[in-house]
Every structure is written in structure tokens, then in C-alpha cells.
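The values are calculated or read from the model by the stated rules, or taken from the named source; none is laboratory data. What you see is a predicted model, and the numbers here were worked out from it, not measured in a lab. Because the Cβ atoms are built from the backbone with ideal geometry, glycine has one as well, and the counts that use them run over all protein chains shown. Accessible surface is based on the protein model in full, side chains and every heavy atom, while ligands, DNA and RNA are left aside. Shrake-Rupley method; radii C 1.70, N 1.55, O 1.52, S 1.80 Å.
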Amino acid sequence: MTAAPATTTPGPFRTAGRALRSTVGGTLPVLVVLAVIVGIWYAAVAPMNIRLALDQAERSGATVVPETPIARQEVSVWRLMAQNPDLVPQSYAQDRPRLPTPGQVAGELWATTGEMALEGRAMSRRSLIFHAWVTLRSTFWGFLLGTTLGIAGAIAIVYSRVVNLSLMPWAIISQTIPIVALAPMIIVLSAQVGIEGRGVPKAIISAYLCYFPVLVGMVKGLRSPGTAQLDLLKTYSASSLQSFWKLRLPSSVPYLFASLKIGIAAALVGTIVGELPTGAIRGLGARILIGDQFGTPLAIWAALFAAAILAGVLVTLLDVAQRATLKRMGMGR
Amino acid sequence: MTATPVIEAKNLDLTFQTADAPVHALRDVSLSIGKGEFVSFIGPSGCGKTTFLRCIAGLEEPTGGTLTVNGMSPDAARRARAYGYVFQAAGLYPWRTIGKNVALPLEIMGYSKQEQKERVDRTLDLVDLGGFASKFPWQLSGGMQQRASIARALAFDANILLMDEPFGALDEIVRDRLNEELLSLWARTGKTVGFVTHSIPEAVYLSTRIVVMSPRPGRITDVIESPLPAERPLDIRDSREFIEVAHRVRDGLRAGMEEDA
Ligand SMILES: Nc1ncnc2c1ncn2[C@@H]1O[C@H](COP(=O)(O)OP(=O)(O)O)[C@@H](O)[C@H]1O
Ligand SMILES: [Mg+2]
């Protein structure tokens, strides 16, 4: 009862309170989840790396229980940690860890991006900025191709019963084929028809993953006007071109942006998959592969995080574009 | 009475073929509506009021009988832009401002930009929404949205206005206001109006003629000529004549129901 007057107090306090609450309300849960993930990650580093740490300690002459690597194979990581408490911290300082610490990954990421950029070597072969740029370029072309195909396909499906019956099943089947199996074939085939380099096949693989969510979303969006809205246009004897531009297309805009966000993430995954098959030396996918071949887990992790950050940035950009567009259309509140 | 009727239905029949049983939505409906009349259709849910209006609009194809609008087939009349249709839900496009919503039929019908602007201004004034052209639908109340949808139906030069329970979702006070405005609008424009409603007072207050319908199958059970004068202030609803007409409508509705049971 005593709280009631406070909630009805008008004026700037309430507004400020609401603004504060919504900001905190938005970021606090995210920070909590992040902290939990980082915590679990840190905790996992010790059991993951303890064998490496003990092997290394043994080589440098420390006493380890049990004494030989063979004997240690028989013992669980938990026992090893319990029996060698002094050596556990070494798990966190491995050069080639099974699982690097978040700090190590952040360090590697910084060393291959910001630090190199400060030295003016952002576009060197060893810089992740260079590789991210290569991946981003292919993703962009794949996204453009994929969305164009997706939107065109959706229009054809909505306006033609025949296309609806013939194209839709193939679109669905196309997504059941594992892209990792298809990617090398696309690369080989495009080399066969004389396409130089990886750019085009990568964009095709990327478009292959990207077009589907756009197609499905746009079909749904273009079909979203109800019979009442279509009847209204019929009373004006509107042509189907007019009902497309004046009703179906604007109705589909919210669906379009939802699909574009999924589509760009899919396009990025497609590009990275296209960079994995042997032979690629540029792009984040190639960095992941090379890291694997040369046994440099830090490079893999840094490339993975670079890819995740790139995806986050792209989706955020689309989100901003969505808000701005819907607001301009009077639909964002 | 010698003038050719604007809307003429003779022995109209419509049966919907549905998945289970066929639905006999209209049976033997004959009605002639003259120029400048205000005709209300009243009856319980499912008696075919909407279906009849949609037939007139060429949105539904009768399965029997003849129907002409302005002496043409309903389809031809629709293509000739003979009528404006107001649906139960305002159905404004959320991405268009009120002015742009009213301009929608004008854009489709190819009016010039200049003419569009003039007509939007004029019709918005007509429904008392003068200053709201640049607002978005969500910024308006339900009653204002419905007024905008009426403006949209008035923006082009159709001589017929078809309205399907346009005020059904509004509260009574707003409804009274809109009824009054609709009457004065009708008096000023001289349009022929077909108006579907659930409400007896609304039908009696607005109409020159009231068509009572009853369901299963949908048919006309009574047609009542209103003795009320053209000039109708809201308090006419307390007059003896008004109450008598309302009684007759109620009796007609009841008779239809009993016959049904
Ligand atoms: N498209 C349709 N398909 C099948 N039945 C319909 C259709 N439209 C209306 N009906 C049926 O026709 C009858 C009359 O409906 P309607 O004209 O909407 O009645 P009202 O508007 O008087 O409530 C109802 O029984 C309804 O279920
Ligand atoms: Mg109805």
C-alpha cells in the first residue's frame, strides 16, 4: 500500500527511472549470462589442459604423480588435478592448450587485429582483419545473390500455383543436403568451367545457404495480407501489379528483415564452409583450417571469435536498418 | 418511382459449397433499391447480410437469379467503380498515413497528384478528420479510424456506398456521433447507401427503408418503409413514430426466429 503513491508520482523521476530500468533491464541479464559462460569456461580449462601441463612439468624435471604419461593415461583428469594441486595453474599457461583461457583468446585476437592495425599491418596475411575482410566480401556477394534469388523465388511462388507446386519441394530438398558435402563439389565444378580463384564458388555456397530463409520468410510475408485486405483492393479493381506494390510488398517488410537477419548469418557460415576445403589460404575459414593443421589452437579460437563478432556486427546492422525502416513506415513504435 | 433502380435483385440465390454440407446463404432474395435511398439490412448473425452486400459488390457470385447494379452486372459495375465499400474493420494500412490511406483508391484509379490531394482534403473534411492527414492509423482512436475508412470509400465518385456493420465494434456514444454524421453526409452527397447492422435503433434512425432478414436459409422476411422525416436529430429516437417502427422491426425479427425454430 505504501508503495502505491510512489508508482503514480508523475514527472521526470518516473521517466528517468523507466529509462534507467530499461537500460539496466536490457544489459544486466546479458552480462550475467556472459559472466556465467566465462566462469564455466575458466573452470573447464584446468581439466582440459591438465595432462598437457603435467607432461610439460615432467619434462622440465618436476615431480608428477603418477610419474609417466602412460601411467597417467589410466587416471581421470579429476584425480590428476587432486594429486598435483601445485601444477594445476600450469593448465592456464599452455602455449598450445587443448582449451585456451578466455584471456588467451582475447590476447590472440588483439595481437592479430588491433595490435597489427596499430602497426599499420592490418592487411598483412597474418592479420585477422585481412582474413575477415576476405570472408566479409564473399559473404556480401553471397548474401546479395541469395536474397535476390530468395525474393524472386518467393514472388514466383506467391503468384504462380505451378511454381508453388514445383519449386517449393526442391527448395526444401536443397536444404537437406549437407553443405560440407556440397561445398567441395561446387569448388571443383566452378574450377572445371574455368572460374579462377575461390571468390565465385564461395559466394555460390554462401548464397545456397542464404536464399532459403529469405525465400520462406518472403513467401510468408507476401501472403500475410488477409482476405479482407485483398477484398478491399478488389473493390477498386486493382491490378495484381498494383496489389503487389501497394499491399503485398509493404506487408512483407517486417518478414523480410527477420529473414535477412537469418540470411546474413547463413551467408557467413556458407562462406566459411567454402573456405574450409584444402587449398584456401585466405579468409576466416582458411585460418580455422590452417590452425588445425599446424596445431595452433589459439589461431582457431581467435578466428572463431572473429567470425562470431563479424556475424554479430552484420546482424546488428540489419537490426538498425529494420528499426529505421519500420519507423519510417510508421510501423515501429 | 419510375426511375430505373440503382440496385435490382430478382430471385437471388446463393449456395456455398463447403467441405461438409452446402450452405444456403441466400434464398429467393428480391429487392429494388432506388437512387438516393438509404437501405439497412438487419437480422441475426448468419442470415446472409454480408453475403448479399458482397454480391452487390461483385465479390461473391450468386448461384441463381439476376442482379444488376446501375443497370450492369455487379462485376461490370465494380470495374466501373460504381461503389465504395466500408468493411466492418477499418482495415487502414498501418504503413500509410491517414491521408495516404484515403488516397489509396485514387492512386489505383489513376487520379493525378493534384486531384488526389484535393479529394483527400475534401473527404477528410467531410468526415471531420481535417487535421489528421499526416497521422498514422495507430495514432487514431477506433472511431476516427472507421471515419477514415469511410472517407476512403467516399474519395472517388461512386454513387453507391456499401457499408457492412461499419460501427459494430464501436461504443455507443461514438456510434451515435458517427450515425449523425453519416446521415448528414448522406444528405449532402445524395449517395445510395446499403448499410448492414445488428442494431435496431441504428437501422431505424438511419434508413429510408429497413430490410429484415432471417437465417437458414438467408431470406428477406419484411421490408419496412420509414415514415420518419429526412431531418433527424438524435432525439427523434424518443418519438412515437420511431418507437413504432422499431417495434415493427423487432416483430419481424422475432417472426423470422420463430419460423426458424
Ligand atoms: N465463403 C463462404 N463459404 C462458406 N460459407 C459461407 C461463406 N461466407 C458466408 N458463409 C455462410 O453463409 C451464411 C451467411 O453468412 P453472412 O452473409 O456472413 O451472414 P451475416 O453477415 O448476416 O452474419 C452463414 O451461414 C455463413 O456461415
Ligand atoms: Mg456479416
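Table for the structure above
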item	result
Pairwise FRET efficiency - residue A:34 versus residue A:75, Cβ, R0 = 45 Å, nearest 0.05	0.85
Mean Kyte hydropathy of -0.5 or more with a Cα span along the axis of at least 24 Å, helices from DSSP in chain A	A:12-59, A:128-159, A:199-222, A:249-275, A:297-328
Loop sites in the stretch A:238-325: chymotrypsin sites (Phe, Trp or Tyr not before Pro), DSSP, at most 14 other Cβ within 10 Å	A:294
Rounded FRET efficiency, nearest 0.05, which uses the C-beta distance separating residue B:251 from residue A:117 and R0 of 56 Å	0.05
Extension gain, residue B:75 back to residue B:157 (0.36 nm per residue minus Cα-Cα distance, nm)	27.8 nm
Inter-chain Cβ neighbour average for residues A:232-245, partner chain, 10 Å	5
For the stretch A:174-333, fraction of C-alpha pairs farther apart than 19 Å, in %	65 percent
Virtual spin-label span in nm between residue B:181 and residue A:110, 7 Å along Cα→Cβ	6.5 nm
Chain B: angle of helix B:240-260 to the longest principal axis, Cα-based, in degrees nearest 10	60 degrees
Convex hull (Cα only) mean projected area of chain B, reported in nm² to one decimal	14.8 nm²
Computed Rg/Rh of the stretch B:104-230, alpha carbon atoms with Kirkwood Rh	1.00
Rg to Rh, two decimals, where the protein assembly as shown supplies the alpha carbon set and Rh follows Kirkwood	1.17
Cα-only radius of gyration and Dmax that characterise the stretch B:92-157, units Å	10.4, 30
Spin-label pair residue A:41/residue B:17, simplified geometry with 7 Å Cα→Cβ offset, distance in nm	6.4 nm
3J(HN,Hα) from dihedral phi, the stretch B:62-75, Karplus parametrisation 6.51/-1.76/1.60, rounded to Hz, x for glycine, proline	x, 9, x, x, 10, 9, 10, 10, 6, x, 10, 5, x, 4
FRET efficiency estimate (nearest 0.05) - Cβ-Cβ, residue A:317 to residue A:234, R0 45 angstrom	0.70
Label-point separation, residue B:35 to residue B:112 (7 Å along Cα→Cβ), nm	2.8 nm
Accessible-area composition of the protein assembly as shown, carbon plus sulfur, in percent [1.4 Å probe]	63 percent
Globularity ratio of the stretch A:223-268, using Cα Rg and 2.2 N^0.38 Å	1.47
Gain on full stretching of the segment that runs from residue B:236 to residue B:45 - 0.36 nm per residue minus C-alpha separation	66.0 nm
Expected 222 nm ellipticity per residue - DSSP helices of 4 or more, -39500 (n - 2.57), all of chain B, to 500	-11500 deg cm²/dmol
Within the stretch A:81-185, GluC sites (Glu not before Pro) in DSSP loop having at most 12 other beta-carbon neighbours inside 10 Å	A:119
